[in-house]
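Here is the structure we will look at.
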Amino acid sequence: MADALSAIPAAVLRNLSDKLYEKRKNAAYEVEGIVKQLTIAGDHDKISAVISLLTHEYTYSPQANHRKGGLIGLAAATVGLSTEAAQHLEQILPPVINSFSDQDSRVRYYACEALYNIAKVVRGEFILHFNKIFDALCKLSADSDPNVQSAAHLLDRLVKDIVTESDQFSIEEFIPLLRERMNVLNPYVRQFLVGWITVLDSVPDIDMLGFLPDFLDGLFNMLSDSSHEIRQQADSALSEFLQEIKNSPSVDYGRMAEILVQRAASPDEFTRWTAITWINEFVKLGGDQLVPYYADILGAILPCIADKEERIRVVARETNEELRAIQADPAEGFDVGAILSIARRQLSSEHEATRIESLHWISTLLNRHRTEVLSFLNDIFDTLLKSLSDPSDQVVLLVLEVHAAIAKDQYNFRQLVVFLVHKFRTDHALLERRGALIVRRLCVLLDSERVYRELSKILEGEADLDFASTLVQALNLIMLTSSELSGLRDLLKLSLVNAAGKDFFLSLYASWSHSSMAIISLCLLAQAYQHASSVIQSLTEEDINIRFLVQLDKLIHLLETPIFAYLRLQLLEPGRHIWLLKALYGLLMLLPQQSSAFKILRTRLKTVPSYSFNKEQIQRTSSGNPSTQTGYMSTGLRFSQDGDVSEDDSHVQNGINFASWLQRFEQMQQQHRLHYKSQAHTRNISISSKEVKEIQKSEEPRGLPSAAELNRPPSRTSRKGPGQLHL
């Protein structure tokens, strides 16, 4: 300290802390001259003493004017040192940088000025202390005082010039500092950072692209800044980097892909669009590097396919197609399970387009990597079944295609049908809304006969009789009306002619027995008219309920459609098809006379040609002798259908023992009757209990009913008109 005091006159030291700027400036010139002389003399110890004096007595002084004078003095000393300044930078820079945080804005301003002058002197030597200076400049860029900001900008430009000229700049040491500050929200700091990224990227010897993953997320974060200027600067920087990626032979796609995937889900539209554009280019350029990241990329693309912005949707769809076109192999790191997991998760998306593309992906994976997909079947099967309830028909059709692709082998086919029946059992709304669509589509995709045989086999042993009856009726209606199932109808028409028709007829019979109307329809379709008549005759009072009549009404209307044109044409030969007439008249007798179905069927039967009958034939038809009911000719000929004479009471045709099958039908119907009675009894007990409680709560005194009256079912007096069913 004594050396410094002896080197600098007291008047100079006094003026260095004066409140007037001119006096401080003149004092600084004096310090510069003194230091210059000491430098020439090579007295660096005394120079260090002068710097120490200026630091401790001035820059760290509580007096603002002292601090200002100290900063000017340090800058002057650096100028005086000239080429020798580098060896004293460790001593000069800390107090100057420390002053950037001073509470007095004028002190901060002079600190900028001092560092500017110091930098001009030392130039390249300045780089060794770059990180400390960069940190200080970053803080100054957000200074509240506009004068300080202006001074900081001048200093920043000078530092950038020095860095671009230097070959000593270490990008490896700088990147961690940059990465720490990239998520700062202050707009001035953001502009400062983007400016530095752009400048450094323009230097040929600095490989900013290699470190792009370290600050890429920060740049994307700036795309949603409220300032248009910052968004524009960030977008410009990103565009430049993307162009460099296209031209670079070596890029770390993996790390950047992880960032882009996150940013593709940003709530900001511009950020999403930029991210999906980058992903699109990565899919084109990335090659094998991106294989481990396909699942993450797909997870980003699928939601964007349904984005509210059209330009995002367009790029997302293009990217999705390009990604799906890549033939990746599990041996190369392609994770089928991860892709399936993403597709399964996106099946729950609220957007139809996303769900559709998810199904396309599952279908593609099944075609390319069936074995691997089936190993994850338990993970996706429940979700695929739930998707059958999707509000979109297009989604349901695609789900069915996926199910059909899975069910190519017998085991998975059986599993599909079993789970489908279970789904219908637990979700009656699905059966009502989509049952026909699902069954028809599966029949197209998986062979209708195979599907119906499997459904029939499962329903034959169904414990829930109500559900079994409902599903059989639905399946029967689908078979009778769907154009896709015309082959099944043609096959059933041959039930009494060849083995294939007979086998299919019998495969349905047991399960169709859950519904009397389904069996009657099946027999009419198979032209087993005598058995149809027998089934009708076997019906009891309990069987003819509202549900039965609704089904019968549907059948009568179906008889007027082209599907049953062959049956109506057979009525032109009533003598040859007596059992058909008897079956139709039997149905007519079951219908309420005021119903539209009764009128339709009666009108149809009135058109039957009367000239085909003679008295002898009518007597035969009405007689109770089975041997005389079978034909209309007096000869002993045996015909091929219900009109054929068959004197065998067991009624066997084409090897089918109809008497035995009728017995099975009656047994099944008996189970349904008992089940219905059990349900009715339970309901009656419940109703009776409620009546007792109501009577007990009644405030008016009245005589209690007897126990027999309490147990009696409530009255169901019908108000229906004549000819309508009383239930």
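The values are calculated or read from the model by the stated rules, or taken from the named source; none is laboratory data. Owing to the predicted nature of the structure, the values given are computational and were not obtained by experimental measurement. Virtual Cβ from ideal backbone geometry, glycine too; neighbours counted across all protein chains shown. Accessible surface areas use protein heavy atoms only, side chains included; no ligands, DNA or RNA. Shrake-Rupley method; radii C 1.70, N 1.55, O 1.52, S 1.80 Å.
Scaled against 2.2 N^0.38 Å for its residue count N, the alpha carbon radius of gyration of region 331-413 is 1.02.
All other residues whose Cβ lies under 13 angstrom from that of Asp268 are scored, Lys and Arg at +1 and Asp and Glu at -1, for a net of -1.
If you roll a 1.4 angstrom probe over the protein chains with everything in place, what fraction of the accessible area of region 169-259 belongs to carbon and sulfur, to the nearest %? Carbon-and-sulfur percentage of accessible area, whole number: 45. A dipole drawn for the chain from +1 and -1 charges on Cβ atoms has a positive end, and of Pro187, Gln243, Ala306 the residue lying farthest that way is Ala306. With semi-axes √(5λ) of the Cα gyration tensor in Å as the read-out, I listed (i) 50, 32, 29; (ii) 57, 25, 24; (iii) 99, 30, 18; which label goes with the value calculated from this structure? Read-out taken from this structure: (iii).
Accessible surface of region 320-448, 1.4 Å probe: 47 percent of it comes from carbon and sulfur atoms.
Given +1 at the Cβ of Lys and Arg, -1 at the Cβ of Asp and Glu and no other charges, the dipole of region 1-160 around its Cα centre is 360 debye to the nearest 20.
Each Lys or Arg adds one and each Asp or Glu subtracts one; over the other residues with Cβ under 13 Å from the Cβ of Ala300, this totals -1.
Dipole check for the chain: with +1 at the C-beta of Lys and Arg, -1 at the C-beta of Asp and Glu, and the Cα centre as origin, the magnitude is about 4280 Debye. A P(r) calculated from all alpha carbon pairs of region 137-196, with 5 Å bins opening at zero, reads 4, 17, 26, 24, 19, 8, 2 percent. In straight-distance terms, cross-link reach from Lys246 covers every one of the lysines whose alpha-carbon lies under 24 Å from its own, apart from those fewer than eight places away in the same chain; here that gives Lys284. Oblate is the label for region 9-62, because the ratio a/c of its alpha-carbon gyration tensor axes (a ≥ b ≥ c) is 1.5 or higher and a/b is not greater than b/c.
The alpha carbon gyration tensor of region 520-559 gives principal lengths a ≥ b ≥ c with a/c of 1.5 or higher and a/b no greater than b/c, which makes the shape oblate.
Report, to the nearest 10°, how far helix 64-81 tilts away from the longest principal axis of the Cα atoms in the chain, using its own Cα long axis and a range of 0 to 90°. Taking the Cα atoms of the chain, the angle to 64-81 is about 80 degrees. The coefficient of translational diffusion for region 388-478, derived via Stokes-Einstein from the alpha carbon Kirkwood radius under 25 °C and 0.890 mPa s, stands at 187 µm²/s.
For Ile544, the solvent-accessible surface computed with a 1.4 Å probe is close to 40 Å², ligands and nucleic acids excluded. For the chain, the longest principal axis of the Cα atoms and the long axis of helix 546-558 meet at an angle of about 90 degrees.
Averaging the Cα positions of each part gives two centres, and for region 120-150 and region 322-362 these lie 50 Å apart. Binning the C-alpha pair distances of region 231-320 at 10 Å intervals from 0 yields a P(r) profile of 18, 53, 28, 1 %, listed from the shortest bin outward.
Loop sites here are GluC sites (Glu not before Pro) outside DSSP states H, G, I, E and B with no more than 15 other Cβ atoms within 10 Å. The longest part of the chain free of them is 1-308. Solvent-accessible area assigned to carbon and sulfur over region 513-563 amounts to 54 percent, based on a 1.4 Å probe.
Taking all Cα pairs closer than 8 Å and separated by 6 or more residues, the relative contact order of region 496-586 comes to 29 percent. Beyond 18 Å in Cα-Cα separation lie the following of the pairs Lys23/Lys68; Lys36/Lys132; Lys457/Lys493: Lys36/Lys132; Lys457/Lys493. The Cα atoms of region 59-161 give a gyration tensor whose axes a ≥ b ≥ c have a/c of 1.5 or more with a/b no greater than b/c, which makes the shape oblate. Based on Cα contacts under 8 Å between residues 6+ apart, the chain shows a relative contact order of 5 percent. Accessible surface ranking for Tyr452, Tyr676, 1.4 angstrom probe, highest first: Tyr676, Tyr452.
Computed with a 1.4 Å probe over protein heavy atoms only, the accessible surface of the chain comes to 47 Å² per residue.
Along the positive direction of the dipole of the chain (beta-carbon charges: Lys, Arg +1; Asp, Glu -1; about the Cα centre), which of Ala49, Gln415, Leu178 reaches farthest? About the Cα centre, the residue reaching furthest to the positive side is Gln415.
Find, among the trypsin sites (Lys or Arg not before Pro) in region 259-354, those assigned to loop by DSSP (not H, G, I, E, B) with at most 16 other beta-carbon atoms within 10 angstrom. When the trypsin sites (Lys or Arg not before Pro) of region 259-354 are filtered for loop state and at most 16 Cβ neighbours within 10 Å, Lys308 remain.
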